């Protein structure tokens, strides 16, 4: 019995699920796109999770051609993977998670010219948890601040597709493949591969769904000076606490910490009204906001009120 016959036999029994190892292809869709665009899926491995001070130790990306209308993915254009010496010993937990050792990064430097060449060519940069990767990369390569970003973690409604965990390896499993994770280029290839798949419930192409989300204008609201007694209402509505957010109150005093949420443009008026009536009842509505597109979304700028 060959592999294909074995797979067919197991699947017919309805007692097994067969998933395949990802062997990254050179092309996903044949022919030429009607409206060609260049995308980049990018991933970083770092010395920690603090985007303000931790350092990149590995960066990997896959540049690819896609059709802006359909979301179909065509050719793989370029693949890059490189290490960078953080000039400090790696913590044991970092070594365990990433498999990267001090010896692997010693004396290594990212190829800034190669990376920036492809980032400048791209129409869209994609990451799984772009809020982390974008801020890490912007510190290291400030030119990224002027690029468009999307996030496979946030910009695809996975729970609506009966996928309960947002971990990359779990999503891959649910979409029928597995990969060797926790290395930058492997994670980038896996993220691109899931974008080539149809979503399990809606049947929509994952990349097409991502593009729709990336094009939506949104607004990040900051419920400054919200009464403490309303914290449970804000949390229940989806606001999250930004402990490091700093601002001045109406008296010019420095304040720190705020409840915040990002909402699509279609819901802005409704959310402003809800804040006014339910949080600032009987008081002047003191919330602030910034308008967002893919150019600013997931950047540190998203969390800095105008």
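The values are calculated or read from the model by the stated rules, or taken from the named source; none is laboratory data. Source: prediction; values computed, not measured. Counting neighbours? That spans all protein chains shown, and the Cβs are built from the backbone with ideal geometry, glycine included.
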Could you go through segment 205-212 and let me know if any residue there is in the same structural domain as residue 155 (by TED's automatic domain parsing) and more than 17 Å from the chain's Cα centre (by Cα). yes
Members of segment 98-128 that are closer than 14 Å to residue 57 by Cβ and more than 19 Å from the chain's Cα centre (by Cα): 99, 100, 101, 102, 103, 104, 105, 106, 107, 108, 109, 110
Restricting attention to segment 9-41, and to residues there that are surrounded by 13 or more Cβ atoms within 10 Å (Cβ to Cβ) and more than 24 Å from residue 149 (Cβ to Cβ), which single residue is modelled with the highest pLDDT? 25
Residue, nearest to the chain's Cα centre (by Cα), within segment 157-168, restricted to residues that are surrounded by 15 or more Cβ atoms within 10 Å (Cβ to Cβ) and part of a helix (DSSP H, G or I): 168
Among the candidates 245, 222, single out the residue that is under 30 Å from residue 58 (Cα atoms), touching a helix residue (DSSP H, G or I) at 6+ places or on another chain (Cβ under 9 Å) and outside the structural domain of residue 104 (by TED's automatic domain parsing). 245
Kindly establish whether residue 125 is surrounded by 18 or more Cβ atoms within 10 Å (Cβ to Cβ), in a loop (DSSP other than H, G, I, E, B) and at pLDDT 95 or above. no
Residues of segment 220-234 being surrounded by 19 or more Cβ atoms within 10 Å (Cβ to Cβ) and either over 19 Å from the mean Cα position of the chain (by Cα) or over 28 Å from residue 127 (Cβ atoms) (or both), in sequence order, are 221, 222, 223, 224, 226, 234
State yes or no: is residue 217 surrounded by fewer than 15 Cβ atoms within 10 Å (Cβ to Cβ) and under 28 Å from residue 124 (Cβ atoms)? yes
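The rows are residues; the columns are (1) crowded, with 17+ Cβ neighbours inside 10 Å; (2) assigned by TED's automatic domain parsing to the domain that holds residue 154; (3) over 25 Å from residue 148 (Cβ atoms); (4) at pLDDT 95 or above.
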| position | (1), (2), (3), (4) |
| --- | --- |
| 236 | no, no, yes, yes |
| 257 | no, no, yes, no |
| 264 | no, no, no, no |
| 270 | no, no, yes, yes |
| 282 | no, no, yes, no |
| 287 | yes, no, yes, no |
Tell me which helices (runs of 4 or more DSSP H) are completely within segment 189-306 and hold 2 or more residues being closer than 27 Å to residue 50 by Cα and touching a residue at least 40 places away in the same chain (Cβ under 8 Å), or say none if there are none. 206-215
